[in-house]
Amino acid sequence: MASDDELAHLQKLSSEYEPEATGPLVGERQSSAAITTQYANADPVFQVKTAALPEKYAYFRTCRGDGHCGWRAIAFTYFEALLRVGDVSKFADEEARLLSLGNLLDHAGYQRDIWMDFAEEMTDLLRKLAESLQLMNGVAADILLNTFNDMGTSMAIITYVKLLASAWVQTHADDFTHFVPMGDVKAYCANNIEPSQCEADNIGIAALADALVKPAGFGLEVWYLDRSPGEEINRSFYAEPTDHHQLPIPNAPMLRLLYRPGHYDILYKAGDVPQRIQQQPIPPQPPLQVALASNFDDFVPTASNVGDVMNMIPGMYPSGFGQRWASLSYEFSPSPTSQPQVTPVQPYPSAATPATPVSSSSLDFLIPTHSNPASQYNPVSHHGLHLDQPPVTLPIHPPPPPPVNIERAAPLVIERGGPFRPSMYELEPGFGSVMQAQPFQTSIFRNSHFNTAHFMNPDFQPEEWSPDGDYATGNKGRHKSHSS
Amino acid sequence: MALSNGRGNNSNTTVAARLQKELMDLMLHPTPGISAFPSDENMSTWTATIDGPSSTPYESLILKLSLDFPANYPYAPPVVQFKTPIYHPNVDFSGRICLDILKDKWSAVYNIGTVLLSLQSLLGEPNNASPLNGQAAELWDKDPAEYKRLVLARHKTPEELDA
């Protein structure tokens, strides 16, 4: 039987347990579609909100959730905004300004010889980045990321910005006294800002916005992702970039944080990101095989006695797959004005089995479509069926509100230069905002995930035929791909 | 790009540099009633003493402590223990101390000097609301004479400790 002491010790261990945070202290910038994916099976509110996220905020960057992420995110984006401005003299200005803020720290009662250690890491980084900018050696962004992933240096910088926030609150007590318990800003700072293990709260963020961000000519906003009703994330904090006369600065860099209860990450709009970095490497695509069959009667013996158009499609008859298709009520017409589009609800469990004879018996039509989009408009195949074999199995999610998705799905076609989008996970979010001039839609399937342009549709490529524009879509897609 | 996990040599040299600086400061500006010195060559453990504050039961007693500095000091607190057996509401019989600034309220602006001064004031102003030694917490208010007797009964001088 364990003694009381041991039990108390075990109880203490258990109540103090926190899972160890993993991952880089500050991650690489990545497509915010990853957040959408992360919440794909979550509460519908999260699904809707995260589905709308990539359209406005194309990229994000993770911060390790070790209790410092809010401070870390602000400090990192502050340096990143300086890099975005790209003015070497701005770094010198900021260094001088931070030096003068030393008085604030002294005034708050911090020992100069202690906080100088932390401040020096901050000014060191400013100098290194300025030097890199001056040399134009293109490694400034790497220096910044590496510095923030060095625990010792990044903790010094984080400590410095926390002391700055704390000193700001204490020396501007009138602004904060009504927001802290008992109006005691000194005690509040000692308990909520100064401790090494304390997450940034609203007061800390507001103080840092005033002390660090706004005087540099930047703005700061925090976007809140929670389960509150709504279709988009809410802005929970906003510090407008203003100049010395409190006038808004147009096009000033904005520092954007994504807040999920207990954790901060960094958000970017597509325009926040320098163009050369925006070119994310596109992984090589496994070739998609599409079989276009003209002689489908051989494969669907019951075609003659069933009216459903599904039966006209080789390999698509329900019995062939053991799947029950919803009856699709689009018109089938032999004229090229209407391309039959059939979309499976989920990837074929064994697509190869019935499809193989189709492709082998009609090799002439085995065309790698993405290399030649125009071939889809070949009259020979206009009423044939596109059978593809999805390379990956994708989870199926209930369809979120569709208009957003259609706009996001469409540009992808142009991006790739072919009509194929093999996987929804390769969405290039933010691209949609550029392409909003030509939202992709068809009259029939517009709101359905049966629409091949719908992002929930894992298999089929979007197609469009416009009587006026002739083959405009296909040509445009090819043109873009060659020029990019 | 390879991202370092930040637990490499760099942080250890940072700790050593910081402790070196603190040692210089303690030697150049000694504070009456406290002392501290590294007890191993890589400076990660220190031995310290505090004098019991006057007009408290600990008056004229010298108390020895050990300080153990983690690799991420000063971003995490040192582990501080009384080496001298001490009778106190917030110290258990192994010398472990319950003090918020050595736990969740630790801040990187604290140093060895501020920690020792805080402990010194804790001797005269125990936090009886959350005691590790319940009997001591009770006697502190109820029976100061008995409290003082138990303090002296438990105490050992540094010479007795080393013997």
Expected 222 nm ellipticity per residue - DSSP helices of 4 or more, -39500 (n - 2.57), all of chain B, to 500:
-11000 deg cm²/dmol
Which whole-number percentage describes the relative contact order of segment B:15-160, with Cα contacts under 8 Å and a sequence gap of 6 or more?
22 percent
Using the heavy atoms of the protein chains alone and a 1.4 angstrom probe, what is the accessible area of segment A:1-125 per residue in square angstrom?
47 Å²
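Can you give me the relative contact order of segment A:18-266 as a percent, contacts being Cα pairs under 8 Å and 6 or more apart?
Relative contact order of segment A:18-266: 24 percent.
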Rounding to the nearest 10 and keeping the result within 0 to 90°, find how far the Cα-based axis of helix B:144-154 lies from the longest principal axis of chain B.
60 degrees
Tell me, what is the per residue accessible area of chain B in Å², probe radius 1.4 Å?
50 Å²
What shape does segment A:8-166 take by its C-alpha gyration tensor, where a ≥ b ≥ c are the square roots of the eigenvalues and a/c under 1.5 counts as rounded, a/b above b/c as prolate, and the rest as oblate?
oblate
In straight Cα distance, which lysines are under 21 Å from A:K269, not counting same-chain residues fewer than 8 positions off?
A:K49, A:K56, A:K214
Given a 1.4 Å probe and no ligands, DNA or RNA in the count, how much accessible surface is buried by B and A, both sides, to the nearest 100 Å²?
2100 Å²
Expressed as a rounded percentage, what relative contact order does segment A:124-236 have, with Cα pairs under 8 Å and six or more residues apart?
18 percent
Considering only DSSP states other than H, G, I, E and B, which trypsin sites (Lys or Arg not before Pro) in segment B:50-105 qualify as loop sites with at most 13 other Cβ atoms within 10 Å?
B:K103
Heavy-atom accessible surface, probe 1.4 Å, ligands and DNA/RNA ignored: which residues of segment A:177-201 lose at least 30 Å² versus the isolated chain?
A:N191, A:E194, A:P195, A:S196
Helix B:9-28 versus the longest principal axis of chain B: what angle, 0 to 90°, nearest 10, using Cα atoms?
50 degrees
Report B:S60's accessible area, 1.4 Å probe, all protein chains in place, as a number in Å² to the nearest 10.
100 Å²
Please compute the modelled spin-label separation between B:D104 and B:E159, points set 7 Å along Cα→Cβ, answer in nm with one decimal.
4.5 nm
Just to be sure I understand the interface: list residues from segment B:61-102 that lose 10 Å² or more of accessible area between the chain on its own and the complete protein assembly, 1.4 Å probe.
B:Y75
Extended-chain gain in nm, criterion 0.36 nm per residue less alpha-carbon gap, A:L13 and A:E232:
74.9 nm
Can you list the lysines whose alpha carbon sits under 24 Å from that of B:K103, skipping same-chain ones fewer than 8 residues off?
A:K12, A:K162, A:K186, B:K21, B:K64, B:K83
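The values are calculated or read from the model by the stated rules, or taken from the named source; none is laboratory data. What you see is a predicted model, and the numbers here were worked out from it, not measured in a lab. Cβ: placed from backbone, ideal geometry, glycine included. Neighbour counts: every protein chain shown. Areas reflect the complete protein model, heavy atoms only, side chains present, ligands, DNA and RNA absent. Shrake-Rupley method; radii C 1.70, N 1.55, O 1.52, S 1.80 Å.
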